[in-house]
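Heads up, the thing below is written out as structure tokens.
The values are calculated or read from the model by the stated rules, or taken from the named source; none is laboratory data. This is a predicted model, so every value here is computed, not measured. Every residue, glycine among them, receives a Cβ derived from its backbone with ideal geometry; neighbour counts consider all protein chains shown.
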Amino acid sequence: MIRFNKYAVALKLTQEKVGRKEVLNEIFNKRFIDTSREVYEYIKFLKKEDIDVVASYEDLYPSLLKEISDYPLLLFCKGDISLLKKYMITIVGTRKISEYGKWVVRYLLKPFENNPNIIVVSGLARGVDSYVHKTCLEFNIPTIGVVAGGINKGYPKSNQYIYDEMVKKGLIISEFPPNRSVCKGMFPMRNRILAGISLATVVIESDITGGSLITVNLALEYGREIFAVPCNIDRYSLQGCNTTILEGATPLFLQEQLVNFCGKL
């Protein structure tokens with residue numbers, strides 16, 4: 001088990017272009033042992049911003065996420081960090097959600113209304129992600145948003161109000177500290193967290209090359225359960241769900257399927 005001064009690592013990650021590989025190199029060279037005044041000041045900053053830092057060697061770190069080979073060394077968190085220890089399912093999909101897609105989200109989540117034992121995870125992006133979080137907030141279902149860049153940067157500004165509500169009633173997590181700007185490569189990194197943190201991934205309306213399928217493929221690699229909601233065959237741009245079913249995902253068309261899966265947890 002790798003142990004390190006998590007706040008020293010957090011400070012290192014504030015630097016642009018610094019990620020897991022660079023930090024691991026410094027850990028193995030024993031550069032994250034002693035604290036310094038700079039680290040102490042950074043701890044004060046994080047506390048002022050109500051940001052918790054959970055290290056991969058701590059009990060609160062999600063056990064399933066720790067199973068993947070390139071798990072984040074740190075999780076920066078805003079909100080209820082106790083949610084990290086509960087069972088989770090991830091729901092992802094297109095950024096161009098249809099009215100049918102919205103109906104599917106509500107249909108699938110309705111049985112979990114006011115249930116504190118199942119946590120619904122998504123990526124706080126436009127479309128399916130944001131609608132999943134909004135519906136969870138409406139139905140009083142605990143929800144976690146995994147953002148791509150810095151914990152206060154990695155989501156569209158149009159979702160700021162959802163972010164704010166989730167900080168109060170759920171949880172936001174990122175492997176990057178506040179104020180780290182977002183770059184393209186951070187989105188696949190975010191997707192591995194979405195896939196790794198949950199026992200199952202559900203995909204609703206996805207392009208055959210969309211980011212949702214990156215999450216699905218990673219979940220398959222991690223040995224997780226995959227559910228896909230079938231899509232009309234005349235909607236070529238959303239055939240990712242159907243191709244996922246063709247490749248072995250469970251077709252999801254009844255509430256009871258998800259309820260029964262979660263009931264076994």
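Going by what's in this entry, would I51 be described as surrounded by 21 or more Cβ atoms within 10 Å (Cβ to Cβ), touching a residue at least 24 places away in the same chain (Cβ under 8 Å), on the phi < 0 side of the Ramachandran plot and of a type in the set (V, I, T)? No; evaluated as a whole, the condition is false for this residue. Filtering L83, L75, L64, L11 for residues that are of a type outside the set (S, T, Y) and within 14 Å of S174 (Cα to Cα) leaves a single hit, L75. Within the range 112-125, restricting attention to residues that are crowded, with 16+ Cβ neighbours inside 10 Å and modelled with pLDDT of 95 or more, the residue that is farthest from G170 (Cα to Cα) is F112. Picking from residues in the range 149-180 that are among the acidic types (D, E) and in a helix (DSSP H, G or I), the one that is surrounded by the most Cβ atoms within 10 Å (Cβ to Cβ) is E165. Taking first residues from the range 235-254 that are at pLDDT 90 or above and partners that are aromatic (F, W, Y) and surrounded by 19 or more Cβ atoms within 10 Å (Cβ to Cβ), the Cβ contacts under 6 Å between residues at least 6 apart in sequence or on separate chains come to T250/F227; L252/F227. The residues listed here are G79, G101, G93; of these, the one that is closer than 26 Å to N179 by Cβ and either buried (at least 17 other Cβ atoms within 10 Å of the Cβ) or over 15 Å from the mean Cα position of the chain (by Cα) (or both) is G79.
So V23 clears everything in (1) assigned to a helix (DSSP H, G or I); (2) closer than 20 Å to I173 by Cβ; (3) modelled with pLDDT of 95 or more except one condition, right? Which one? So V23 meets the others, but not (3). Check off (1) β-branched (V, I, T); (2) in contact (Cβ under 8 Å) with a residue 40 or more places away in the chain; (3) crowded, with 18+ Cβ neighbours inside 10 Å for V259 and give me the number that stays unchecked. With respect to (1) β-branched (V, I, T); (2) in contact (Cβ under 8 Å) with a residue 40 or more places away in the chain; (3) crowded, with 18+ Cβ neighbours inside 10 Å, V259 is out only on (3).
Would you point out which residue out of Y57, Y71 is surrounded by 19 or more Cβ atoms within 10 Å (Cβ to Cβ) and outside the structural domain of I204 (by TED's automatic domain parsing)?
Just a single option satisfies the conditions, and that option is Y71.
The set of residues in the range 169-204 being among the small types (G, A, S) and at pLDDT 95 or above consists of G170, S174, A195, G196, S198, A200.
Selection of the range 218-231 for residues being loosely packed, with under 15 Cβ neighbours inside 10 Å and over 21 Å from L109 (Cα atoms) yields E221, G223.
I need the full set of residues from the range 84-99 which are in contact with a Gly (Cβ under 9 Å, 6 or more places away or on another chain) and in a loop (DSSP other than H, G, I, E, B), in order please. The answer is T94, R95, K96, I97.
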